[in-house]
Amino acid sequence: MGKVYLVGAGPGDAELITVKGMRAIEEADVILYDRLVNSTLLDYAKAGAQLIFCGKEPRKHGTIQESINEQLVQYAQEDKVVTRLKGGDPFIFGRGGEEALVLEENEITYEVVPGITSGISAAAYAGIPLTHRQVSGSVSFINGAYAEEKTDEQWRHIAGGADTLCFYMGIRKFPIIAEKLMKAGLSEETPVSIIHWGTLPKQKTIVANLGTIINRLHEVSNPSLIVIGEVVRLNERINWYKESTAAYL
């Protein structure tokens, strides 16, 4: 019986992968990699390794995940070392938990190799510390893709549950997100940042407030991280990563 590694490849910058994650790439007989994985990481695969693209674009998931689960089991049962390479962290909106359960059910040996999730890294590259002793003592990571399915009570909990809010996969639904958050009590003056292609040379950051940033959405697209909270104001002073395409208000 082989073994499966569920590896977080990090947010995009290839140098942000962990040492253990890189070792899993180098040792793999089979690598199943996602759309947002930096392709340069595949250059470290050993000769003869089988590289399988299994990326999923927004709104196009279909039965791809079921196929991935089946391949993980199949190749492991063929006595191969399998690396499932995911953007960010496998257990933060990466369906790594689903894959781990499938491996458990099939008695496959596996190991989880955490990666740096975009909520932390993209914000850091935009000069936004998610926590700050004088500004924010709590953070929420939220899947924005299902914004319209949340109840008003859930939105009140989200709006008041943490000092800093990080929305993944929320660009398409951001008009709904902004409306619901303001209805739930957040001021329209609450600072907002959207970071597109975080940690990569083509990173673009826009900053405005909850009431006006909707007018800037045409400047960005997926993949983007949305950060909401007073910590966003710090990016003007912690602008360490210079963006050639940055656009600030």
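Of everything in segment 88-114 that's in a strand (DSSP E or B) and not polar (S, T, N, Q), which residue is surrounded by the fewest Cβ atoms within 10 Å (Cβ to Cβ)?
Residues of segment 88-114 in a strand (DSSP E or B): 88, 109-113.
Subsequent filtering for residues that are not polar (S, T, N, Q) retains 88, 110-113.
Details: 88: 28, 110: 19, 111: 13, 112: 18, 113: 25.
This residue is 111.
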- Message: Tell me yes or no: at least one residue of segment 13-21 is surrounded by 13 or more Cβ atoms within 10 Å (Cβ to Cβ), modelled with pLDDT under 95 and over 21 Å from residue 221 (Cβ atoms).
- Response: no
- Single unsatisfied condition, residue 68 versus (1) modelled with pLDDT under 95; (2) in contact with a Cys (Cβ under 9 Å, 6 or more places away or on another chain): (1)
- The condition from (1) under 25 Å from residue 142 (Cα atoms); (2) buried (at least 21 other Cβ atoms within 10 Å of the Cβ) that residue 76 misses is numbered (1)
- Task: Residues being under 21 Å from residue 119 (Cβ atoms) and in contact (Cβ under 8 Å) with a residue 40 or more places away in the chain: count how many of those fall in segment 202-226.
- Result: 15
- Would it be correct to say that residue 209 is among the polar types (S, T, N, Q) and modelled with pLDDT under 95? no
- Task: Go through (1) surrounded by 13 or more Cβ atoms within 10 Å (Cβ to Cβ); (2) not in a helix (DSSP H, G or I) and name the single condition residue 134 misses.
- Result: (1)
- Quick one: would you say residue 174 is among the aromatic types (Phe, Trp, Tyr) and more than 30 Å from residue 25 (Cβ to Cβ)? yes
- Exactly one of 193, 221 is surrounded by fewer than 20 Cβ atoms within 10 Å (Cβ to Cβ) and modelled with pLDDT of 95 or more, and that one is 221
- Note on the structure: In the set 189, 153, the lone residue that is farther than 25 Å from residue 116 by Cα, charged (D, E, K, R) and in a helix (DSSP H, G or I) is 153
- Message: Checking residue 35 against (1) over 17 Å from residue 101 (Cβ atoms); (2) part of a helix (DSSP H, G or I), only one condition comes out false. Which one?
- Response: (2)
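The values are calculated or read from the model by the stated rules, or taken from the named source; none is laboratory data. Predicted model only: the values in this text are computed from it and were never measured. All Cβ positions, glycine included, derive from the backbone under ideal geometry; neighbour counts span all protein chains shown.
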